[in-house]
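Each remark here refers to the structure printed beneath this line.
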């Protein structure tokens, strides 16, 4: 009996010591080491790839956001502020309890619409979005053709939080942005070129433009003009 109790006590003691050691190593030392290395070598990425403007964090280069006018009484969705470059639609699953659709880049939930390619709702949404892109971006001296509207201008990404658009979509917004801000079209066009990232390692993915970074640069251009 005594031997049995003694053996059990030794096993419990060994188990508790192992638990304590593993807790210290895996729960304290390892996280601190990984965090320290990340902060030292990849500080920006470890902190969420934050983007600053005028000394303040205004977003992340990994998460898209909207550029809308204040929501008016009676409106369900705010109208886009056409002074800014607009991101792709955000129609993934979200926090709107009535429709279940995230149209405002809500971070509570993210995801795609899960609508099939032959869905009547999807087709109607795409047609409406294309018509809006053509209308919003056509100016007195520049007309957008429906055939020029790229796919990401009328469809959301799989996450609904894509921070990038294609150079083609940014390009058809140039005339409208220049007109709304009283800027030279060529200057705005060069701004898009300067903020276009190429394929990763030269062959992966597609050229892309980060909308937040582009709009920060646009703000600087407007301030300099003033």
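Bear in mind these aren't lab numbers, they're just calculated from the coordinates by the rules spelled out. Every value quoted in this text rests on a predicted model; they were computed, and no experiment measured them. Note that each Cβ is placed from the backbone with ideal geometry, even for glycine, and that neighbours are counted across all protein chains shown.
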Exercise for the section: On a 0 to 90° scale, report how tilted helix 211-225 is relative to the longest principal axis of the chain, with both axes built from alpha carbons and the result rounded to the nearest 10. Expected result: 50 degrees
Exercise for the section: Rounded to the nearest 10 degrees, what's the angle between the helix 30-41 long axis and the longest principal axis of the chain, both from Cα atoms, 0 to 90? Expected result: 30 degrees
Fill in the blank from the handout: Row for the stretch 18-83, column shape: gyration tensor on C-alpha, a ≥ b ≥ c, rounded if a/c < 1.5 i.e. under 1.5, prolate if a/b over b/c, else oblate; value prolate
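Which ordering of 188, 28 is given by a fewest-first count of other beta-carbon atoms within 10 Å? Walk me through the numbers before you get to the answer.
Values: 188 25, 28 10.
Ordered from fewest to most neighbouring Cβ atoms within 10 Å, 188, 28 come out as 28, 188.
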Handout entry: Which label in (1) 25, 20, 15; (2) 29, 18, 16; (3) 49, 24, 16 gives the computed semi-axes √(5λ) of the Cα gyration tensor in Å
Key = (3)
Fill in the blank from the handout: Ranked by GNM mean-square fluctuation in the chain (Cα springs under 10 Å), the top entry among 176, 208, 17 is 17
Handout entry: the stretch 2-45: radius of gyration over Cα atoms, expressed as a fraction of 2.2 N^0.38 Å
Key = 1.96
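Using the alpha carbon gyration tensor of the stretch 113-205, what are the three equivalent-ellipsoid semi-axes (square root of 5 times each eigenvalue), largest first, in whole Å? Present the calculation step by step, with values, prior to reporting the outcome.
Values: eigenvalues 127, 81, 19 Å².
Those come to 25, 20, 10 Å.
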Exercise for the section: Determine the relative contact order of the chain: mean sequence separation of Cα pairs under 8 Å and six or more apart, normalised by residue count, in whole percent. Expected result: 17 percent
Exercise for the section: Take peptides 39-47, 165-173 and line them up by average Cβ neighbours within 10 Å, highest first, as a rough protection proxy. Expected result: 165-173, 39-47
